[in-house]
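Enquirer: The structure that follows is given in the form of structure tokens.
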Amino acid sequence: MLKKVTLVFSCVICFLLATFVFISPVSALEAGDVVIRVEPAEQDISLTPGETSVGSIKVQNIGRLDFDFTVMVRPFQILNEDYDPDFNTDNNYTRLQNWISFEQTDYNLAPGAEAEVKYTVDVPTDAPGGGQYAAIIAQTRSSIDESSMMHTISQVASILYAQVDGDTRFEGLLTNHHLPSNVLFGTAPSIAATVKNTGNADFRVTHRLSVYNFFTGKEVFSADATDESGNLIGTATPRIMPGTERSNIITWQHAPQIGVFRVVQDISFLDEQHNFEQIVILCPFWLVGGIIFMIFLMILWLILRLRSRRHSQPQVI
């Protein structure tokens, strides 16, 4: 019995040692060793049935070590209203993946180098009009020791948004919109809009927020406002995929704690233009608490004063 236990224990030790040997090459990789980037992150292309189109993407090595990578094409769709990407679902809007071929699929990149990946789109004569979507994915399997059974897989994607000539329908519907409440206590004003794509091709929505001082009419937050990195924070242009509904929210960043303002929301897409306004009072919690406390003191003062008057009145015998 003791020999069996010893044998089992020895096997477990050997397995753990073997696992450590296999994993150690990968664990030796540090953050920044293998970093892959693709440009552009998305492309809009126009296609004609029966014709061929060519394009390319650039894959860059911005890490410290060289690596091999492979390119492939996958379908591209949307999973939910949060617009999480889906690279597995195959439907009538993902036929584009079947039309794409590559001049070369395997590459090696040294640190700081880039490779141009060329692709060809052979559009069949019976291709349906409207939107077609696919993702070109660059994948690298990274390991310091190529004989290792463990690898770190990194993937980046360039999304292709194709418009095929033919029966293309650009149709959309504003299904919901939201303006801030008339009175906000310690909360920054925000606007929201939800648009549904009822056509068969993608389009963009332009969503804008502008804020004006109620008393002076001066614009205090512009739709063209940017952050420290130069990114627009007053305007958003989300893309709406066919058969999907998408919401967008814009918040007035660094809004003052107190004031009266006119909040304007502009929503435009295709041939539709929507404009909504709301008067908003911003009030901090400390001010609300101070007002409540003052009212309490006034009520308490009145009660005490009434009691004092009653006690000071002469008693009638």
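The values are calculated or read from the model by the stated rules, or taken from the named source; none is laboratory data. Bear in mind that the values here come from a model prediction, so they are computed numbers and not experimental data. Because the Cβ atoms are built from the backbone with ideal geometry, glycine has one as well, and the counts that use them run over all protein chains shown. Surface areas here come from the heavy atoms of the whole protein model, side chains and all, with no ligands, DNA or RNA. Shrake-Rupley method; radii C 1.70, N 1.55, O 1.52, S 1.80 Å.
Enquirer: Identify the residue in the range 56-73 that is of a type outside the set (Val, Ile, Thr) and surrounded by fewer than 20 Cβ atoms within 10 Å (Cβ to Cβ) and, among all such residues, is nearest to residue 99 (Cα to Cα).
Expert: 72
Enquirer: In addition: When you scan the range 247-273, how many residues do you find that are under 10 Å from residue 207 (Cα atoms) and either outside any strand (DSSP E or B) or open to solvent by less than 60 Å² (accessible area, probe 1.4 Å) (or both)?
Expert: Total satisfying the criteria: 7.
The rows are residues; the columns are (1) at pLDDT 95 or above; (2) under 30 Å from residue 196 (Cβ atoms); (3) assigned to a strand (DSSP E or B).
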{"site": "4", "(1), (2), (3)": "no, no, no"}
{"site": "9", "(1), (2), (3)": "no, no, no"}
{"site": "13", "(1), (2), (3)": "no, no, no"}
{"site": "16", "(1), (2), (3)": "no, no, no"}
{"site": "37", "(1), (2), (3)": "no, no, yes"}
{"site": "71", "(1), (2), (3)": "yes, no, yes"}
{"site": "82", "(1), (2), (3)": "no, yes, no"}
{"site": "98", "(1), (2), (3)": "yes, yes, no"}
{"site": "120", "(1), (2), (3)": "yes, no, yes"}
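Enquirer: Let me ask something additional. Report, by residue number, each residue of the range 226-243 that is part of a loop (DSSP other than H, G, I, E, B) and modelled with pLDDT of 95 or more.
Expert: Across the range 226-243, the qualifying residues are 233, 234, 237, 238, 241, 242.
Enquirer: What number goes with the only condition from (1) open to solvent by 70 Å² or more (accessible area, probe 1.4 Å); (2) modelled with pLDDT under 95 that residue 89 does not pass?
Expert: (1)
Enquirer: Do you know which residues across the range 217-242 are β-branched (Val, Ile, Thr) and either surrounded by 15 or more Cβ atoms within 10 Å (Cβ to Cβ) or closer than 26 Å to residue 79 by Cβ (or both)?
Expert: Those that are β-branched (Val, Ile, Thr) and either surrounded by 15 or more Cβ atoms within 10 Å (Cβ to Cβ) or closer than 26 Å to residue 79 by Cβ (or both): 220, 233, 235, 237, 240.
Enquirer: Still on this structure: For the range 124-182, how many residues meet the condition of being open to solvent by 70 Å² or more (accessible area, probe 1.4 Å) and either modelled with pLDDT under 90 or not in a loop (DSSP other than H, G, I, E, B) (or both)?
Expert: Summing the residues that are open to solvent by 70 Å² or more (accessible area, probe 1.4 Å) and either modelled with pLDDT under 90 or not in a loop (DSSP other than H, G, I, E, B) (or both) in the range 124-182 gives 12.
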